[in-house]
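Everything below concerns the one structure shown next.
What follows draws every value from the coordinates through simple rules; no lab data is involved. Source: prediction; values computed, not measured. Don't worry about glycine lacking a Cβ; one is built from the backbone with ideal geometry, like all the others, and counts go over all protein chains shown.
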Amino acid sequence: MLIKRRPAIPPSEITPAGIYARRRELLRAAGVLAAAGAGGLLSGIAAAQAQKGPAEKLPPFRKSSFSTNEKPNSFKDVSSYNNYYEFGTNKTDPAENAHALKVRPWTVVVEGDVRKPRTFGIEDLLKFPLEERIYRMRCVEAWSMVIPWVGFEFNQLARLVEPTGKAKFVEFVTALQNDTMPGVRLPILKWPYTEGLRIDEAMHPLTILSVGLYDQMLPNQNGAPVRLVVPWKYGFKSGKSIVRIRFVETQPKIAWEIAAPHEYGFYSNVNPDVDHPRWSQKTEKRLPAFFANRKTELFNGYGDQVASLYAGMDLKKFY
Ligand SMILES: Nc1nc2c(c(=O)[nH]1)N[C@H]1C(S)=C(S)[C@@H](COP(=O)(O)O)O[C@H]1N2
Ligand SMILES: [Mo]
């Protein structure tokens, strides 16, 4: 517990402001402020500053046999080339603008056709058994990366709320912060950005909720504080900054399908044989390359694990 103790004279008035700020910088660099926070005795002012001070530490995590052994992209690649339209449509916009996203306090409401609806604080989510999952990620725009996510299987959370037999799909609703997201002033997509999965896709062990990247808390531009990751589908299925999860009976409408139904379907499985109406999906550019340098694989190479989910389905029809 954090004990708040207000000093009679705020320390900022004892030392001239400049020296005060400098001293805090030094203390922070030395890890003294973070240590004080953990120790539990901190003035109100110091507590407020410590919160926006040193980055919160990601809890320990273990490695996973679900990881690819391909070489991951650098932290810089993964956190500086992004799609997060709420912060702008250029690849560099999210890294420039997403610092404004308010990520604390954060709750995820889980509701719908479940026996035990529940609201999880981000603190609760960080307590799930975390694993490093190094996944190939393929954007519908034909670029790809290898990303070391840290997260937990969605099915772990689902089990706690006990979906009923009526639940056939899961809808994921992401954050809408009008004051921090310049992109939502434009009607590019129907905000908030929503995504959905069939329940068996959601419960598949490859489907994770990610809270970290490399050994750090998830950067805002990558969907802090919690985002979905579904590695056999195009990147847009992996909704960022999730605030609500609904177990539902009927197939939910997803943001990209509403915007352009002839271009984007509900399933959106990576498939080199189903072209986007405006470009081929046969090859991809594994960043940081300039030109296509790889053949795209069905289900992004995860076919051994997921193909059975689609047995008997015409993947050209259900794209
Ligand atoms: N809320 C939200 N989630 C989103 C998007 C978005 O614009 N808004 N873009 C999607 C797309 S198109 C991709 S490719 C991935 C990119 O994730 P990354 O930037 O972490 O690599 O996020 C997906 N999730
Ligand atoms: Mo994407």
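Charging the Cβ of each Asp and Glu at -1 and of each Lys and Arg at +1, and nothing else, the dipole of the stretch 78-222 about its Cα centre rounds to 260 debye. Residues in the stretch 210-224, backbone N under 11 Å from the label point at Gln156 (7 Å along the Cα-to-beta-carbon vector): list them, ranges by number please. Answer for the stretch 210-224: 210-211.
Less than 5 angstrom separates the built amide H of Gln216 from none of the residues sequence-distant by 5 or more or on a different chain. Rounded to the nearest Hz, the phi-derived 3J(HN,Hα) couplings of the stretch 273-285 under the Karplus curve 6.51 cos²θ - 1.76 cosθ + 1.60 (θ = phi - 60°) are 8, 10, 6, 5, x, 9, 7, 7, 10, 5, 10, 8, 9, where x marks glycine and proline.
Legend: ranking of residues Phe318, Phe120 from fewest to most surrounding C-beta atoms inside 10 Å; resulting order Phe318, Phe120. In a simple Cβ point-charge model (Lys, Arg +1; Asp, Glu -1; nothing else charged), the stretch 72-135 has a dipole of about 200 debye relative to its Cα centre.
Between Thr68 and Ser80, residue separation times 0.36 nm minus the direct Cα-Cα distance comes to 2.1 nm. When only alpha carbons are used to place a centre, the stretch 109-177 and the stretch 265-282 end up 24 Å from one another. The HN-Hα couplings worked out from phi for the stretch 97-105 by the Karplus form 6.51 cos²θ - 1.76 cosθ + 1.60 (θ = phi - 60°) are 10, 6, 4, 6, 3, 8, 9, 9, x Hz, whole numbers, x standing for Gly and Pro. Each of Leu186, Leu197, Leu309 was scored by other Cβ atoms within 10 Å of its Cβ. Listed from fewest to most, they are Leu186, Leu309, Leu197. Near the amide H of Val243, within less than 5 Å, lie the amide hydrogens of Val173, Thr174, Ala175, all on another chain or at least 5 residues away, with H placed in the peptide plane. The calculated FRET efficiency for the pair Gln251 and Lys91, based on their C-beta separation and a Förster distance of 41 Å, comes to about 0.85. As a proxy for reagent exposure, Glu284, Glu249 were ordered by neighbouring Cβ count within 10 angstrom, fewest first; the result is Glu249, Glu284. Each Lys or Arg adds one and each Asp or Glu subtracts one; over the other residues with Cβ under 14 Å from the Cβ of Thr119, this totals +1.
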